[in-house]
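Novice: Right, I'll just put the structure down here and ask away after.
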Amino acid sequence: MNSVGKSWLLLTGLILFYIIYLLFGALVFSSIERPVEDELRRDMEALKAEFLNQSCVSAASLENFLVRVLTANKYGVSVLRNSTVTSNWDLASSMFFANTLVTTVGYGHTTPLSDTGKAFSIVYALIGVPFTMLVLTACVQRIMYLLVIGPVCLLQRSGLEPRPATVVHFVLLLVLVVLCFFLAPAAVFSAVEVSWSFLDGLYFCFISLCTIGLGDFVPGTQPGQKYRPLYQVAVMVYLFVGLMMMYLLLRTFHKMSDLHGLTSFLQLPRCEESDVDEDREPIVDREDRTPPQPTEKAASRPLDPGSQPSYNTINKG
C-alpha cells in the first residue's frame, strides 16, 4: 500500500476511534448523571406541588413566574440576591467577561442583554481571540529556552541520552504544571469560595485551562464577597498564565513526539523549526548575511543561549 493509502487508512481509523470514544463517554455520562437528574426532577415536582397546595397561586401564574426568573438567571440576574450583589457589568466584572470571551473560556454566567452588546461581542471576539492567541504564542516563545531547551540541555550534560532526557523533562514539566496550576489553585479556590470543595476547585481549574468553560462554577459570584474586583483580576491573571503554560506543555509534547517519531508514525506535521534567537534577528537581508567563522578563541568560550542545543538539533539516534 502506498503512502497516500496508508494516510487515508490511518485517518479513517482515527475518526472511527474518535466516534467510539464519544459513544463511550455518552454511555458513561448517561449512566452516571441520568439517575441524579431524574431524582432532581422528582424533587422539583414535589416542591412545586407543595408550594401550590400551600398558596393561592395558580399553576399557570407560577409557570410564568419561573420562566421569567430562569430567563433572567441565564443573563446573570438572580431574584435571590439582587439587593446585595453589585452589577454584573461594573468595570471589573466587564473586564472579567471580556477575558473569558477572548480566551474562548466563555463561562456563560454573564451574557450580553442587548442586541448592541451581542453585536459588539462578535466584533470584539473576532479581533480579540486571534490577538490573544498571538500574545500567548509570543510569551511561550520567550520562555521556551528557560523552561524547555535549557533544562533538556542540562539533563543531557548530566549523562542522559537525548530521548530519555526529553521524556524526563516532559514529566517534570507536567508535574510542575499540575502542582502550580491545578492543585495549588484548587486549594485556594476551595478556601475563598465557601460553597466549593477541593474537587470543585480542581474541576474548575481543569475546565478553565482546557477552555471548556461549562460555567457551572464561576469565581467571584458569591454574594458579599470581599475585594471582589481584585479577586476577579487575580483570576484573569491566573487564566492567562495558566493558558500560556498549557500551550507550552502541548508544544513541548509536540517537539518530544517529533524526536521520538510519533508524529511521523501518525503522519502529522512536525513542530515548526524555530531558532531560539530568531526574534532577535532582522528578517530583511538575512540571506545576504554570511555567518562569521568561529576562531579558536571564540570556540573556547561558553556557548551563548542562542547557540545551545534545542529539540531541533538533538540527534534522534
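The values are calculated or read from the model by the stated rules, or taken from the named source; none is laboratory data. Note that this is a predicted model, so its numbers are computed, not measured. Methodologically, a virtual Cβ is constructed for each residue, glycine included, from the backbone with ideal geometry; neighbour enumeration extends over all protein chains shown. These accessible areas exclude ligands, DNA and RNA; they are computed on the full protein's heavy atoms, side chains included. Shrake-Rupley method; radii C 1.70, N 1.55, O 1.52, S 1.80 Å.
Novice: Within the set of pairs 6+ apart or on separate chains, which have a first residue in region 205-234 that is modelled with pLDDT of 90 or more, a second that is open to solvent by 60 Å² or more (accessible area, probe 1.4 Å) and assigned to a loop (DSSP other than H, G, I, E, B), and C-beta atoms under 6 Å apart?
Specialist: 207/214; 211/104
Novice: Residues that are closer than 30 Å to residue 171 by Cα and open to solvent by less than 30 Å² (accessible area, probe 1.4 Å): does region 227-235 have at least one?
Specialist: Within region 227-235, one or more residues are closer than 30 Å to residue 171 by Cα and open to solvent by less than 30 Å² (accessible area, probe 1.4 Å).
Novice: Now for a different question. Has region 7-15 got at least one residue that is modelled with pLDDT under 80, in contact with a helix residue (DSSP H, G or I) (Cβ under 7 Å, 6 or more places away or on another chain) and over 30 Å from residue 238 (Cβ atoms)?
Specialist: Within region 7-15 (the criterion being modelled with pLDDT under 80, in contact with a helix residue (DSSP H, G or I) (Cβ under 7 Å, 6 or more places away or on another chain) and over 30 Å from residue 238 (Cβ atoms)), the answer is no, since none of the residues qualifies.
Novice: Taking interchain pairs and intrachain pairs at least six residues apart, which have beta carbon atoms under 6 angstrom, with the first residue in region 86-100 and among the aromatic types (Phe, Trp, Tyr) and the second assigned to a helix (DSSP H, G or I)?
Specialist: From residues that are among the aromatic types (Phe, Trp, Tyr), the pairs are 96/232.
Novice: From 29, 97, which residue is surrounded by 13 or more Cβ atoms within 10 Å (Cβ to Cβ) and modelled with pLDDT of 85 or more?
Specialist: 97
Novice: Related question: Take the residues in region 236-263 that are without any contact (Cβ under 8 Å) to a residue 40 or more places away in the chain and under 25 Å from residue 165 (Cα atoms); name whichever of them is most open to solvent (accessible area, probe 1.4 Å).
Specialist: To start, the set of residues in region 236-263 that are without any contact (Cβ under 8 Å) to a residue 40 or more places away in the chain comprises 237, 250, 254, 257, 262-263.
Applying the additional criterion that residues be under 25 Å from residue 165 (Cα atoms) yields 250, 254, 257, 262-263.
On the way: 250: 117, 254: 59, 257: 7, 262: 72, 263: 7 Å².
My answer is 250.
Novice: Could you list, in sequence order, all residues of region 235-263 that are β-branched (Val, Ile, Thr) and either touching a Phe, Trp or Tyr at 6+ places or on another chain (Cβ under 9 Å) or modelled with pLDDT of 85 or more (or both)?
Specialist: Passing the criteria: 235, 237, 241, 252.
Novice: While we're looking at this one, here's another question. Working only within region 143-160, note down all residues that are in contact (Cβ under 8 Å) with a residue 40 or more places away in the chain and more than 17 Å from residue 257 (Cβ to Cβ).
Specialist: Scanning region 143-160 gives 143, 145, 147, 150, 153, 156.
Novice: Let me ask something else. Run residue 107 past the list (1) among the aromatic types (Phe, Trp, Tyr); (2) open to solvent by less than 80 Å² (accessible area, probe 1.4 Å); (3) in a helix (DSSP H, G or I) and report the number of the one that doesn't hold.
Specialist: (3) is the only condition that residue 107 fails.
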